[in-house]
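K.L.:
Sharing a structure here in structure tokens format.
The values are calculated or read from the model by the stated rules, or taken from the named source; none is laboratory data. Because the structure is predicted, anything quoted here is derived from the model rather than measured. Positions of Cβ are backbone-derived with ideal geometry, glycine not excepted, and every protein chain shown enters the neighbour counts. Quick note on the areas: whole protein, heavy atoms, side chains included, nothing else; ligands and nucleic acids left out. Shrake-Rupley method; radii C 1.70, N 1.55, O 1.52, S 1.80 Å.
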Amino acid sequence: MKKLILCGVLACLLSSVFALAWGGVVDNNTGLSENNDFSALSLSQSNGLHLYLNAPFNEDGTLKFVAEGVVKYSLNNNFKTNDSTFKIIADCDLLKFSGKWTTENGSVALDLGRFTMADFSGSVFTQKADGLYFSYNSQSVKLGLYGGYTGLQNRLSVSMADNDFDKDDNVYKLCVAYIPLMADISYKSLFETNTIGIQGEYFIPLSDKYTQKFYGTLLLSGPLGLVGSYTLKGTFGLNKMEYPMLDAGADLSFYLGTSAIVSMGGEFISFESDGLKQFITVTSRSVSRDPLFEGGIVPRLSLIFAKDKIYASFGGKALLAMSKDENKFHGIDASAGLLYNLFSDLQIGCDFGAYIGFGDFKDFSNYSAALKLTLAF
């Protein structure tokens with residue numbers, strides 16, 4: 001009788017969930033890296049199991065609960081020094097309730113729980129956190145409000161600039177605790193087809209060991225007729241609410257037929273000088289594989305190709321490092337990737353990366369290659 005009652009309760013619960021979906025992915029990532037003279041080969045190896053759940057509460061899917069979790073191991077070994085680390089990592093990447101409701105002039109959306117949040121800059125704060133995001137979207141205006149907490153995230157899978165690390169860290173170790181607050185507004189009908197937006201961010205540390213940070217970003221984007229698009233953005237920041245920082249960039253993208261996009265642009269990242277300080281982010285950001293680059297001008301070029309079962313990408317950056325005393329060209333950072341869908345549930349890919357230093361910086365050159373495999377079920 002108890003089993004019959006339990007089955008009846010489960011049937012009632014599941015009947016209220018429309019098109020419940022679940023599944024997973026098993027992945028492999030095997031990478032090799034070398035220094036400038038190929039004398040310090042290193043291996044990185046990782047395998048993981050990713051599971052997801054999508055539970056809509058209505059027929060059109062505007063109210064739903066979604067979750068994603070992962071368990072994996074990470075092995076790193078330096079063959080020259082024979083140093084190695086082995087870690088098991090468990091994490092919940094996504095755990096949120098989301099809803100979207102239509103209003104008279106637009107729509108209102110709400111995300112509550114654990115999810116990835118990316119700011120306008122694309123570099124200051126782009127990571128998972130626990131929080132709430134509210135947005136209003138109409139034909140011409142979009143408004144957004146966000147508040148969260150980073151202290152429950154796993155620093156083994158979420159990289160923050162202020163995180164502390166220990167070689168004995170394993171499974172789940174907490175990130176540094178900040179309360180991120182964001183507000184943004186975008187006008188989407190500038191000159192009919194362009195978008196202009198502004199966003200403010202305030203990060204409150206919950207420890208005196210870290211500093212308050214404020215950022216304001218101005219964004220302008222739109223189409224270039226039928227041939228491409230452009231993006232202009234600039235971010236002004238204050239570390240400790242007194243040290244000014246600046247990050248500004250521009251990108252132009254052009255369509256090559258229906259299968260490829262080429263982009264070109266550049267970025268200025270502030271450095272230690274009389275007027276500005278080095279640009280510091282909340283989420284860890286690696287501008288390049290150059291270990292000495294701390295700020296300057298970074299011209300860039302990229303190409304993306306996607307057709308049928310193939311996705312390929314190439315990117316290159318030139319690194320003009322600037323400081324209070326001198327400006328020097330450090331080198332070129334390049335990367336390439338290829339992904340092929342063998343079957344609908346099986347993908348294989350490879351990534352290549354290289355930093356080629358010039359002159360005084362050639363000893364800092366480094367190279368990497370990785371083989372990736374994913375199987376969905």
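K.L.:
Per residue of segment 139-148, in order, report the coupling 6.51 cos²θ - 1.76 cosθ + 1.60 (Karplus, θ = phi - 60°) as ³J(HN,Hα) in whole Hz, putting x for Gly and Pro.
P.N.:
5, 10, 9, 10, 10, x, 9, 9, x, x
K.L.:
Express the relative contact order of segment 143-218 as a whole percentage, based on alpha carbon pairs under 8 Å and six or more residues apart in sequence.
P.N.:
Details: 138 pairs, mean separation 21.2, N = 76.
The normalised contact order for segment 143-218 reaches 28 percent.
K.L.:
Continuing with this model, one more query. If I model a spin label as a point 7 Å beyond the Cα along the Cα-Cβ vector, how far apart are those points for Tyr149 and Phe65 in nm?
P.N.:
Here the modelled spin labels are 2.0 nm apart.
K.L.:
Could I ask something else about it? Output ³J(HN,Hα) for segment 168-173: one whole-Hz value per residue in order, computed from phi by the Karplus curve 6.51 cos²θ - 1.76 cosθ + 1.60 with θ = phi - 60°, and x for Gly and Pro.
P.N.:
3J(HN,Hα) across segment 168-173, in whole Hz: 8, 4, 7, 6, 8, 10.
K.L.:
Right, next: Carbon and sulfur together cover what percent of the accessible area of the chain at a 1.4 Å probe radius?
P.N.:
Carbon and sulfur: 64 percent of the exposed surface of the chain.
K.L.:
Count the lysine pairs in segment 301-377 whose Cα atoms sit under 26 Å apart, keeping only pairs 8 or more residues apart in sequence or on different chains.
P.N.:
Values: Lys307/Lys317; Lys307/Lys372; Lys309/Lys372; Lys317/Lys328; Lys317/Lys362; Lys317/Lys372; Lys324/Lys362; Lys328/Lys362.
Pairs that pass both the separation and distance tests number 8.
K.L.:
Give the relative contact order (percent, whole number) for the chain; include only Cα pairs under 8 Å separated by 6+ residues. Don't skip to the answer; put the middle values down first.
P.N.:
Details: 989 pairs, mean separation 42.8, N = 377.
It rounds to 11 percent for the chain.
K.L.:
Then there is this: Pop out the ³J(HN,Hα) list for segment 118-130 in order, Karplus 6.51 cos²θ - 1.76 cosθ + 1.60 with θ = phi - 60°, rounded to Hz; leave Gly and Pro as x.
P.N.:
Each residue of segment 118-130 in turn: 10, 8, 4, 5, x, 9, 5, 9, 9, 6, 6, 7, 9 Hz.
K.L.:
Turning to a different aspect of this structure: Excluding residues fewer than 8 places away in the same chain, name every one of the aspartates and glutamates whose C-alpha is closer than 20 Å to that of Lys80.
P.N.:
Glu34, Asp37, Asp363
K.L.:
Quick check on packing: order 188-198, 263-273 by the mean number of other C-beta atoms within 10 Å, highest mean leading. All intermediate terms of the calculation are to be shown ahead of the outcome.
P.N.:
On the way: 188-198: 13.9, 263-273: 17.5.
Put in order of decreasing packing, that is 263-273, 188-198.
K.L.:
Send over a whole-number figure in Å² for the accessible area per residue of the chain, probe 1.4 Å. Intermediate values should be presented prior to the final figure.
P.N.:
Values: 20990 Å² over 377 residues.
In whole numbers, the chain has 56 Å² accessible per residue.
K.L.:
By how many nm would the segment from Leu53 to Ile310 lengthen if fully extended, with 0.36 nm per residue of separation less the alpha-carbon distance?
P.N.:
Values: separation 257, 0.36 × 257 = 92.52 nm, distance 2.76 nm.
89.8 nm is the gain from fully extending Leu53 to Ile310.
K.L.:
Normalising by the residue count of segment 269-377, find the relative contact order in percent from Cα pairs under 8 Å and 6+ residues apart.
P.N.:
Working: 229 pairs, mean separation 21.7, N = 109.
This gives 20 percent for segment 269-377.
K.L.:
Obtain the nm distance between the two label points defined at Phe38 and Ser140 by a simple spin-label model: each point lies 7 Å from its Cα along the Cα-to-C-beta direction.
P.N.:
Result for the modelled spin labels: 6.2 nm.
K.L.:
Let me ask you something else. Among all the aspartates and glutamates, which ones have a C-alpha under 19 Å from Lys209's C-alpha, if same-chain residues fewer than 8 places away are not counted?
P.N.:
Hits, sequence-local ones excluded: Asp162, Asp164, Asp166, Glu242.
K.L.:
Using a Cα-Cα cut-off of under 16 Å, which lysines could be cross-linked to Lys167, ignoring same-chain neighbours fewer than 8 residues away?
P.N.:
Lys87
K.L.:
Could you give the nm distance between label points at Ala369 and Ala109, where each point is 7 Å from its Cα heading toward the beta carbon?
P.N.:
The modelled label-to-label distance comes out at 4.1 nm.
K.L.:
Okay, next question. Contour minus end-to-end for Ser84 and Asp208, with contour as 0.36 nm per residue of separation and end-to-end as the Cα-Cα distance? It would help to have the intermediate numbers written out before the result.
P.N.:
Details: separation 124, 0.36 × 124 = 44.64 nm, distance 3.40 nm.
Taking 0.36 nm per residue and subtracting the Cα distance, the gain is 41.2 nm.
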